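Note sheet for the following structure.
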Amino acid sequence: MLAVYAFCRRARALGAEFLFGSTVTGLEISRGAVSAVRTGDSVFPCGAFVNCAGSSARSIGAMAGLDLAVQPDMHEAGVTEPVKRFLGPMVVDMRRAPGSANYYFYQHDTGQVVFCITPDPPLLGESTAETSGFLLLAEAGRWFLGESVSGRRGEEMRMRAHRWLADQGVQNPARLAHMVAPGFRKNL
Ligand SMILES: Cc1cc2nc3c(=O)[nH]c(=O)nc-3n(C[C@H](O)[C@H](O)[C@H](O)COP(=O)(O)OP(=O)(O)OC[C@H]3O[C@@H](n4cnc5c(N)ncnc54)[C@H](O)[C@@H]3O)c2cc1C
């Protein structure tokens, strides 16, 4: 992150301009090359155009009539609230297991636990919607947190988790929450 800010500052110092929040919606082509970039109502004529849209590079290429071999492969990640340090090394498990090609987790210096799973079979596409692999764990955690927090706030947390679990067809949300997050046993 710090490196990205450093690049941004240096580029500005050298005369670059950043238009954060602008979406490229079209490209104008002249003599086989991109001659202008459209972002909504604005048009930016250009002598050169660089497609660095990451997982969206194929969509941008399509605006120029190109079929680029860029195939996004979704992973799913999560970041917890900061908690007291308990985890030293980064843990990476490369073994294939049902639903997972591999996963890792570690604790950031500022306390948050960061984790990521590579789904198996792969989920191809540009969607950024949750695949629910971690949602069950998150909602189970919310359920138990709700039990630990007194008053209306705790009740709201539990009701939110209950609704989500019930919407997934879970018959006994409290029991399932206990199964996926057994360390939080309380009032079951
Ligand atoms: C949760 C997570 C963890 C990761 N961990 C690691 C790691 O530990 N190590 C590692 O090496 N890599 C990691 N990666 C991968 C790494 O982040 C990417 O490979 C890298 O960011 C790709 O850089 P990029 O510049 O090609 O694309 P990106 O960083 O994706 O940048 C593309 C940019 O294009 C913009 N864009 C897309 N479409 C448009 C449009 N129509 N108009 C305007 N702008 C548009 C996007 O908003 C984005 O800002 C991780 C990725 C994620 C999501």
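The values are calculated or read from the model by the stated rules, or taken from the named source; none is laboratory data. Note that this is a predicted model, so its numbers are computed, not measured. All Cβ positions, even for glycine, are placed from backbone atoms using ideal geometry, and neighbour counts span all protein chains on display.
Quick look at the values:
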read-out	value
Single condition Ser35 does not satisfy, out of (1) in contact with a Ser or Thr (Cβ under 9 Å, 6 or more places away or on another chain); (2) surrounded by 10 or more Cβ atoms within 10 Å (Cβ to Cβ); (3) free of Cβ contacts under 8 Å to residues at least 12 places away in the same chain	(1)
Residue list for segment 1-21, filter: surrounded by 10 or more Cβ atoms within 10 Å (Cβ to Cβ), more than 21 Å from Val43 (Cα to Cα) and hydrophobic (A, V, I, L, M, F, W, C)	Ala6, Phe7, Cys8, Ala11
For Glu81: the one exception among (1) acidic (Asp, Glu); (2) exposed (fewer than 13 other Cβ atoms within 10 Å of the Cβ); (3) under 27 Å from Arg58 (Cα atoms)	(3)
Residue within segment 60-78 that is in the same structural domain as Leu136 (by TED's automatic domain parsing) and touching a His at 6+ places or on another chain (Cβ under 9 Å) present	no
Checklist (1) among the aliphatic types (A, V, I, L, M); (2) within 10 Å of the ligand (Cβ to nearest atom); (3) touching a residue at least 12 places away in the same chain (Cβ under 8 Å) applied to Val43, failing item	(2)
Selected residue (criterion: farthest from Gly125 (Cα to Cα)) from residues of segment 46-60 that are surrounded by 10 or more Cβ atoms within 10 Å (Cβ to Cβ) and of a type outside the set (Gly, Ala, Ser)	Cys46
Unique match (being under 30 Å from Glu139 (Cβ atoms), within 15 Å of the ligand (Cβ to nearest atom) and among the aliphatic types (A, V, I, L, M)) among Met1, Met63	Met1
Test result for Gln107, more than 12 Å from the ligand (Cβ to nearest atom), touching an Asp or Glu at 6+ places or on another chain (Cβ under 9 Å) and over 26 Å from Thr23 (Cβ atoms)	no
Sole exception among (1) in the same structural domain as Leu136 (by TED's automatic domain parsing); (2) away from the ligand (no atom under 11 Å from the Cβ); (3) exposed (fewer than 11 other Cβ atoms within 10 Å of the Cβ); (4) not basic (Lys, Arg) for Gly99, by number	(3)
Enumeration of residues in segment 94-152 that are assigned to a loop (DSSP other than H, G, I, E, B) and among the polar types (S, T, N, Q)	Thr110, Gln112, Ser127, Thr128, Thr131, Ser132, Ser150
